[in-house]
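Working notes for the structure below.
The values are calculated or read from the model by the stated rules, or taken from the named source; none is laboratory data. All of these numbers come straight from a predicted model, not from anything done at the bench. Cβ: placed from backbone, ideal geometry, glycine included. Neighbour counts: every protein chain shown.
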Amino acid sequence: MQAKIGNWTDFVAAAETISEKTNGAVALADSLGGLWQAYACGRTTPWVKDNKLQIDDFCKDYAETAKKLWDCGGVTKNSQWSDAAWTADGEAGNCMGYFVSTWGFGGFALDAAGGKEGKGQTYGKWAVCQGPTQYFWGGTWIVVNSKTDNGEEAQSFIKTATVDRAAMKEYATKKPEYVNNKTIMEELIGANTVMNEVVTKNFNGQNYMAELHENAKKINFKDLITPNDATIKGQFTDAVKKQYLEGGKTWEETAEAFKDQVADKLPDLDWEE
């Protein structure tokens, strides 16, 4: 699959082919939410610069890519995480691929989409590939209040969770998760460690952490993270779906709606009169 979906142009082409060959019955991508999570990691401009919202060509490119997939049935209309059909379509073979986090590989996502062992027609037929772009999912920020009365305990927790090699290795194997320590992950991957037996079987024995490791090495978000990103991204995806995909508005109209929504949420940014 990697050869077919190695960039977004190829991804759309593959989705259109799948839709054509199946009369629209099979989607390549699981949801707009998942699609955006991956696509967003290709952004090279911060959402806010000099206290002004940045709406660049990247935003338009995403909207156009999403529309092509939406119109041909290349992405399902399911809401990620909340719709029962989101995982049911994978289990039934109506959705070929999922953009999920590493914690999505467990029972809440791909385990459900693949069905349980001995049940579900797609169990054991899944695999992980690099996809059109490298991406990460989530962002857990640990912040200590300057007025805390247990600073030593807070420091110990942060050190254990982010620096202590033994603790991170234990977490990586028992959780299991991809932890923020390249040396530890290389050690575990090199030993072909089975992180999660159920997930490994669903991936037909694939050492899926090796794929995650290659992906993680390419991620670079230097100077791209700003304080209100979550709010802005939420308004952007909302505007694209409701205005551009469902409402049939032009890109210019969609961009203006997005700007108005952000202005309502973040009035302290600089806005033109």
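Confirm whether Val26 is in contact with a Cys (Cβ under 8 Å, 6 or more places away or on another chain), farther than 17 Å from Tyr135 by Cα and either in contact (Cβ under 8 Å) with a residue 12 or more places away in the chain or surrounded by 14 or more Cβ atoms within 10 Å (Cβ to Cβ) (or both). Yes; evaluated as a whole, the condition is true for this residue. Those helices (runs of 4 or more DSSP H) of segment 30-131 in which 1 or more residues are closer than 26 Å to Gly247 by Cα, out of contact with any helix residue (DSSP H, G or I) (no Cβ under 7 Å at 6 or more places or on another chain) and in the same structural domain as Lys201 (by TED's automatic domain parsing) are absent.
Check whether at least one residue in segment 202-209 is surrounded by 12 or more Cβ atoms within 10 Å (Cβ to Cβ) and either assigned by TED's automatic domain parsing to the domain that holds Trp126 or basic (Lys, Arg) (or both), and report yes or no. The answer is no; no qualifying residue exists.
When Ala84, Ala92, Ala113 are checked against the criterion of being more than 29 Å from Asn220 (Cβ to Cβ), of a type in the set (A, V, I, L, M, F, W, C) and in contact with a Cys (Cβ under 9 Å, 6 or more places away or on another chain), a single residue qualifies: Ala113. Scanning segment 6-23 for residues being crowded, with 17+ Cβ neighbours inside 10 Å, aliphatic (A, V, I, L, M) and within 21 Å of the chain's Cα centre (by Cα) gives a total of 3. Of everything in segment 232-254 that is under 22 Å from Val75 (Cα atoms) and of a type in the set (A, V, I, L, M), the residue that is surrounded by the fewest Cβ atoms within 10 Å (Cβ to Cβ) is Leu245. With respect to Ala3, is the statement that it is at pLDDT 95 or above, surrounded by fewer than 21 Cβ atoms within 10 Å (Cβ to Cβ), not in a helix (DSSP H, G or I) and not assigned by TED's automatic domain parsing to the domain that holds Ala92 true? Spelling it out, Ala3 is indeed at pLDDT 95 or above, surrounded by fewer than 21 Cβ atoms within 10 Å (Cβ to Cβ), not in a helix (DSSP H, G or I) and not assigned by TED's automatic domain parsing to the domain that holds Ala92. In segment 116-168, the residue that is nearest to Asn181 (Cα to Cα) out of those that are polar (S, T, N, Q), surrounded by 12 or more Cβ atoms within 10 Å (Cβ to Cβ) and under 27 Å from the mean Cα position of the chain (by Cα) is Thr162.
Yes/no per residue for (1) aliphatic (A, V, I, L, M); (2) within 24 Å of Asp264 (Cβ to Cβ); (3) without any contact (Cβ under 8 Å) to a residue 24 or more places away in the chain:
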{"site": "Ala40", "(1), (2), (3)": "yes, yes, no"}
{"site": "Arg43", "(1), (2), (3)": "no, yes, no"}
{"site": "Lys60", "(1), (2), (3)": "no, yes, no"}
{"site": "Leu69", "(1), (2), (3)": "yes, no, no"}
{"site": "Gly73", "(1), (2), (3)": "no, no, no"}
{"site": "Thr87", "(1), (2), (3)": "no, no, no"}
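Just one of the listed residues (Glu252, Glu273, Glu246) is within 29 Å of Ile55 (Cβ to Cβ) and modelled with pLDDT under 95, namely Glu273.
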